[in-house]
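Right, one structure below, let's go through it.
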Amino acid sequence: MDPFAYTQADFDELTQLALREALQAGASDAAVEVSEGQGLSVNVRLGRVEQVEHNTDKGLDITVYAGRRRGHASTSDFSAQAIRSTARAAFDIARYTAEDDCAGLPEAELLAGAVSDPGLYHPWQPSVEQAVELARRAEDAAFATDRRIRNSEGAGVSAQHMHFRLANTRGFSGGYASTRHSLSCVPIAGRGDDMQRDYWWSSRRDASQLAPAEALGRYAAERALARLRARKLATGQYPVLFEAPLAAGLIGSLVHAASGGSLYRKTSFLVDQLGRQVLADHLDLLEDPQVPDGMGSAPFDDEGVRTRRRQVVRAGVLEGYFLSTYSGRKLGLPTTGNSGGAHNLSLSSSLTRADDDLPRMLRKLDRGLFVIELIGHGINYVTGDYSRGAMGFWVEGGQIRYPVHEITIASNLRDMLLGIRAVGADVHVSGSRSTGSILVESMTVAGS
């Protein structure tokens, strides 16, 4: 059963109507996006249903230009009268905004041509009962792992479907459907003063590729159990190994610092670093918008600019920023097709071997801190200063010795990125970022 009330043909008619209304209102250029979403989310805790949520959303956004003046308005009413009023409201806003030499649609030659379906749509419409049963199986498996799993923050299932169409007055029109499904579990181990929680999740476009509920629940429980009897750690300088899901956050920090908004506002430590070394020289960072079923896959960006596979960092040298049309113009550079964000980034190292799994990465760490959770957002992107609460394990002789908590790890992002000693083959995909565990040469660990 199709979960959508509208078809792509319906959306095409709506976008063309909105563009006509914008031009009739006096706009020199315009862009329209219309979208619809539908989904189900459930949460189960201690075997009982805590939340069931059906979501149905739709919207139409119009951006108009009066020369170099920009206006924006939106509506959830798809009637012709509402679209006409929204287009005129956007134009009225544009008339009273200040001129901006960088405002405007992308150049026509940068826009994607005929767009085929990227194959990101895998419908999954479980009933409430089926979703609840799946969540219960994950939580039950967590409790069955060990008697010390005594509580839970719950297990959740989400099945989300959406489709959209984007069009502008320079001839672009394209859209497609996509899905995003997930399963998660958050068990709590221990009692009294020694209680620890951990979690695990699986998120895919195709629900058939989600991790088995029982395996996910057991793994989440094992992670929580491993953190019992955590200790504090003596303050010092140590190498730090970031577990793969957290390592993806380091990629995210690099992207933030290399994004157009941060660069033209000069709020990034990577200002004027194009063509310079920003990562250790054994590292490459690839962006590939065409990964099958990738969470960051897209044939065009939020402006209709065609996306392309590119090497963002090669042998540690920054070869490209992440730019929209506007931020590119502010910097005097062309857009990179990144309006709306990056597309499927993967970090790799020329030093990584096929057998560099987590145990081998722990041996490379030898003596230091293995981090599995970070707390807070202590990153200053202007200076690169980095300081965050952390939890994980102390490692001696390449073996985990005991869990640690109530510590802070600190350094400078520039030094951390240049000081990456190794990347593991234990690759984990977190959203649109993919990397193995990352070993950083040295950080300040503040403990007792």
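Selection of segment 283-301 for residues being open to solvent by less than 20 Å² (accessible area, probe 1.4 Å) and either touching a residue at least 60 places away in the same chain (Cβ under 8 Å) or basic (Lys, Arg) (or both) yields Leu283, Leu285, Gly294, Gly296, Ser297, Ala298, Phe300. Of the residues making up segment 163-183, those that are touching a Ser or Thr at 6+ places or on another chain (Cβ under 6 Å) and either free of Cβ contacts under 8 Å to residues at least 12 places away in the same chain or among the hydrophobic types (A, V, I, L, M, F, W, C) (or both) number 3. Of all the criteria given as (1) surrounded by 20 or more Cβ atoms within 10 Å (Cβ to Cβ); (2) in contact with a Pro (Cβ under 9 Å, 6 or more places away or on another chain); (3) outside any helix (DSSP H, G or I), the one not satisfied by Val115 is (1). Does segment 41-49 contain at least one residue that is under 18 Å from Tyr6 (Cβ atoms) and modelled with pLDDT of 95 or more? Scanning segment 41-49 turns up no residue that is under 18 Å from Tyr6 (Cβ atoms) and modelled with pLDDT of 95 or more. Are any of the residues in segment 64-73 in a strand (DSSP E or B) and surrounded by fewer than 16 Cβ atoms within 10 Å (Cβ to Cβ)? Checking segment 64-73: at least one residue is in a strand (DSSP E or B) and surrounded by fewer than 16 Cβ atoms within 10 Å (Cβ to Cβ).
Quick grid of which residues meet (1) polar (S, T, N, Q); (2) in contact with a strand residue (DSSP E or B) (Cβ under 7 Å, 6 or more places away or on another chain):
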| site | (1), (2) |
| --- | --- |
| Ser203 | yes, yes |
| Pro212 | no, no |
| Ala230 | no, yes |
| Gly236 | no, yes |
| Pro239 | no, yes |
| Ile251 | no, yes |
| Val255 | no, yes |
| Phe269 | no, no |
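Criterion first (assigned to a helix (DSSP H, G or I), open to solvent by 50 Å² or more (accessible area, probe 1.4 Å) and either in contact (Cβ under 8 Å) with a residue 40 or more places away in the chain or hydroxyl-bearing (Ser, Thr, Tyr) (or both)) does Ser85 satisfy it? So Ser85 passes the test. Look at segment 108-120: where a residue is closer than 15 Å to Arg165 by Cα and a partner is open to solvent by 50 Å² or more (accessible area, probe 1.4 Å) and not in a loop (DSSP other than H, G, I, E, B), sitting 6+ places away or on another chain with Cβ atoms under 7 Å, you get Leu111/Arg306; Ala112/Arg306. Total residues in segment 175-194 satisfying the condition of being more than 30 Å from Val305 (Cβ to Cβ), open to solvent by 30 Å² or more (accessible area, probe 1.4 Å) and modelled with pLDDT of 95 or more: the figure is 1.
In segment 150-168 there is no residue matching the filter, namely being modelled with pLDDT of 95 or more, assigned to a loop (DSSP other than H, G, I, E, B) and open to solvent by 60 Å² or more (accessible area, probe 1.4 Å). The set of residues in segment 256-306 being of a type in the set (Ser, Thr, Tyr) and touching a Lys or Arg at 6+ places or on another chain (Cβ under 6 Å) consists of Tyr264 alone. Sub-7 Å Cβ pairs linking a first residue in segment 267-278 that is farther than 13 Å from Val317 by Cα to a second residue that is open to solvent by 60 Å² or more (accessible area, probe 1.4 Å) and outside any loop (DSSP other than H, G, I, E, B), at least 6 apart or interchain, are Phe269/Arg414, ordered by first then second residue. Quickly run through segment 217-232 and pick out the residues that are open to solvent by less than 10 Å² (accessible area, probe 1.4 Å) and among the hydrophobic types (A, V, I, L, M, F, W, C). Of everything in segment 217-232, those that are open to solvent by less than 10 Å² (accessible area, probe 1.4 Å) and among the hydrophobic types (A, V, I, L, M, F, W, C) turn out to be Ala220, Ala221, Ala224.
Considering (1) farther than 30 Å from Val157 by Cα; (2) in a strand (DSSP E or B), the lone condition that Val52 does not fulfil carries the number (1).
For segment 405-447, a residue qualifies if it is under 23 Å from Asp293 (Cβ atoms) and among the hydrophobic types (A, V, I, L, M, F, W, C), and the qualifying residues are Ala425, Val427, Val429. Scanning segment 125-133 turns up one or more residues that are open to solvent by 40 Å² or more (accessible area, probe 1.4 Å) and under 30 Å from Ala167 (Cβ atoms). Every test in (1) under 23 Å from Arg306 (Cβ atoms); (2) part of a loop (DSSP other than H, G, I, E, B) is passed by Val34 save one, and that test is (2).
The values are calculated or read from the model by the stated rules, or taken from the named source; none is laboratory data. Predicted model only: the values in this text are computed from it and were never measured. Every residue, glycine among them, receives a Cβ derived from its backbone with ideal geometry; neighbour counts consider all protein chains shown. For accessibility, only protein heavy atoms count, side chains too; no ligands or nucleic acids. Shrake-Rupley method; radii C 1.70, N 1.55, O 1.52, S 1.80 Å.
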